[in-house]
Amino acid sequence: MRAHYHHYDVAIDPQAAIILLGSASSSSKNAIIGELRGYIYIFHKHMPNWKMPILRIILFLGVQLRIFLYNVLHQPAKAAVYKETAKVLASL
């Protein structure tokens, strides 16, 4: 633990509570884009560069599949989020 390396004392409070507010701090679009950026970052960090185009194709196909499925399921709001995500993914 980093706290241990800095000689901080670590304590646990048994009365502590965690309150989840759903996506109170970010939108669905930002969460999806952040997830895709995370995949690209981790892949870039741990895999050879020649595999990066393969990852981009897989992610792009996944986004396109979701756009198609949400349009078929008559959920245009979700399809629109993924359309915007596809634009951002193309620019990454």
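Throughout, read-outs are computed from the coordinates displayed, never taken from laboratory work. Computed from a predicted structure; not experimentally measured. Neighbour counts are summed over all protein chains in view; Cβ atoms, including those assigned to glycine, are modelled from backbone coordinates with ideal geometry.
Brief remarks follow.
- Helix 52-72 vs. the chain, principal-axis angle (Cα, 0 to 90°, nearest 10): 70 degrees
- P(r) for the chain, from all Cα pairs and a bin width of 5 Å, is 2, 11, 16, 15, 13, 11, 11, 8, 8, 5, 1, 0 %, short bins first.
- Inter-site label distance for Tyr41 and Ala86 at 7 Å from Cα along Cβ, in nm: 2.6 nm
- Hits among aspartates and glutamates - C-alpha to C-alpha of Lys83 under 18 Å, sequence gap 8 or more where chains match: Glu35
- Cα-centre dipole for the chain with unit charges at Cβ (Lys and Arg positive, Asp and Glu negative), debye to 20: 520 debye
- For the chain, the relative contact order is 26 percent, taking Cα pairs closer than 8 Å that sit 6 or more residues apart in sequence and dividing their mean separation by the residue count.
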